[in-house]
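Below: the structure, in structure tokens.
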Amino acid sequence: MTLEEALRVRGDRDLPSIRAAFKEAGMPAQVRDVATILDEMIFVMGTIGCIKSLLKERLAQLEEEDEDTGSLQTTNLEIVEKVAGIIAGIMERYKPGDPLPGTGFAGMGWETGRQTPWKDEMQWFIAISTLKGNGLAREEDGRVILRKRADPESLVMALPEDIIEGIDPEILKDRGITANMTVSSVPEYRLVFEPEAILEADLENIDDLAVRLDLDPDTYAAFREAVFLKQLVAARVQEIIEERGTLTPEEVAEILKKSVVEDPDGIWTISLNLSTEFVKGVLEDLRKIGLLSKKGTGFRAV
């Protein structure tokens, strides 16, 4: 159907929970097909000390060149320094053989309910992952056990690829910093929303839902734009039918091309240059969900 739209969900996700969340938000979906695709993950690997030094030099260079591109690297440096601080605190507070807490609140002696000393628990998770990746901690009976101590600056940690953006590969090589790509086969589910769900969707509510469900931002942005445009087209088509009476798809398409819609603030003007075939599909979908009726080749308001 013309007004239906699909959202692709990639990876091993709890699909029933995702569908239930969308249904609760007024957008029931069906799983039409599942494909196996290749997905890449790129991580930058280097010691904490080398990465910190590299980022500080990069920020100094950007400041010298007066380039307004340092905010990303500033954030990356903050993360690395905070993770290093967490690891240093763990080394000081715990001895080999001790179990480590599951969260940063208890890990550094902060009581539940008090403000965490880090922006969020993600930095604690990165710190624990770094310890495990360097053989300093291990999983045992559902707990993480500290195996031995080490200087945090010497530990190798993994960071997103944007950390090396704009940096000469030779500089990375000299510091022993490498980029590693992992290619995996993952499932990709196609969630299909029928016309009625698309037209009734509250985009602000769906935006919140997308964040809660941790949907891929780029994939969701494309889906959201498609939903918005289909709502816009359907509303304009209905408006024309209500104003003009019974019309054929050809007549509706012609009116759409000749008319311009202004937004309430008078800033935007919107023109709809749609093929007759597409308009016919929109009209048929609106008829199927009971918003229009059909007489011969013409469509009219119910």
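Values quoted throughout were computed directly from the atomic coordinates according to the rules given, and no laboratory measurement underlies them. Since we're looking at a predicted model, the values are computed, not measured. We place every Cβ from the backbone using ideal geometry, glycine too, and count neighbours over all the protein chains shown.
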Aspartates and glutamates within cross-link reach of LYS295: Cα-Cα under 19 Å, excluding same-chain residues under 8 positions apart? GLU239, GLU242, GLU243, GLU250, GLU251, GLU277, GLU284, ASP285
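Could you sort 183-191, 227-235 so that the peptide with the highest average Cβ count within 10 Å comes first and the rest follow in order?
The most tightly packed comes first, giving 227-235, 183-191.
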Compactness index (Cα Rg / 2.2 N^0.38 Å), the range 257-302: 1.44
If one computes the Cα centroid of the range 192-244 and of the range 258-302, what distance in Å separates the two points? 16
Correct option for P(r) over Cα pairs in 20 Å bins from 0, in percent [calculated from the coordinates] among (1) 34, 58, 8, 0; (2) 29, 56, 15, 0; (3) 24, 40, 26, 10, 0: (3)
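Stretch LYS294-PHE278 to full length: gain in nm at 0.36 nm per residue minus the Cα-Cα span? Provide the component values of the computation, followed by the final result.
Working: separation 16, 0.36 × 16 = 5.76 nm, distance 1.66 nm.
Full-extension gain reported as 4.1 nm.
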Straight-line reach from LYS173: which lysines have Cα under 20 Å away, leaving out those fewer than 8 places along the same chain? LYS52, LYS56
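Would you please classify the overall shape of the range 141-253 from the alpha carbon gyration tensor, given that a ≥ b ≥ c denote the square roots of the eigenvalues, rounded means a/c under 1.5, and beyond that prolate means a/b larger than b/c while oblate covers the rest? Could you put the intermediate results ahead of the total?
Numbers: a/c = 4.16, a/b = 2.61, b/c = 1.60.
Taking the square roots of the gyration eigenvalues as a ≥ b ≥ c, the range 141-253 is prolate.
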